[in-house]
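Below: one structure, written as structure tokens.
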Amino acid sequence: MTTIIERAITDYEHKRFVAEFHAAVRRTMADPAAGEEYRAEAAILDPAGDGLELEDFSEPIPQAPRKGRDANGTGVTSGSQTTANR
């Protein structure tokens, strides 16, 4: 029960933060000088100008197994041998 309440509080806080953030951006964009300053800072933070958001990269990139390890990183791969295996 506590986990459900904690999750509900976390979700509420996140939604509130996002709503306040969007309201602040709308207020900033309503002021031409502040809006221009915002766009200039955004250009610095997005030098590629591709407009990709952080969530576009939210999936972790799979890591290749380390040399001498299996995919789980726990043992020697079948193609390699250690001194103990010879």
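The values are calculated or read from the model by the stated rules, or taken from the named source; none is laboratory data. Bear in mind the structure is a predicted one, so any value in this text is a computation, not a measurement. Heads up, the Cβs are rebuilt from the backbone with ideal geometry, glycines too, and the neighbour counts pull from every protein chain shown.
Restricting the first residue to the stretch 5-19 and requiring it to be in contact (Cβ under 8 Å) with a residue 60 or more places away in the chain, which pairs with a second residue that is in a helix (DSSP H, G or I) and surrounded by fewer than 10 Cβ atoms within 10 Å (Cβ to Cβ) meet a Cβ separation below 9 Å and a spacing of at least six or different chains?
none
Can you tell which of A30, A64 is aliphatic (A, V, I, L, M) and at pLDDT below 90? First the steps, then the outcome.
On the way: A30 fails: at pLDDT below 90.
It is A64.
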